[in-house]
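Just so you know, all these numbers are worked out from the coordinates, no wet-lab data involved. Given the structure is predicted, the values throughout are model-derived calculations rather than measurements. FYI the Cβ positions are ideal-geometry reconstructions off the backbone, even for glycines, and counts take in every protein chain you see.
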């Protein structure tokens, strides 16, 4: 049997549906590890699904004026 190693595409979209930021990771990378790469350079509020939220990130983003 062959093995397939998948990948995940992470996106940040604006309220109007425009893609703002993208990142690609392998299937074994935790979603939360990709958020810092995705928000780099953004100057706006951030709303995320629970897979991307941790207390540590919430504090870090609040300090840098992002809201999780």
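With N the number of residues in the stretch 7-63, Rg(Cα) / (2.2 N^0.38 Å) evaluates to 1.11. The label point for residue 56 and the one for residue 27, both projected 7 Å from the Cα toward the Cβ, are 2.6 nm apart.
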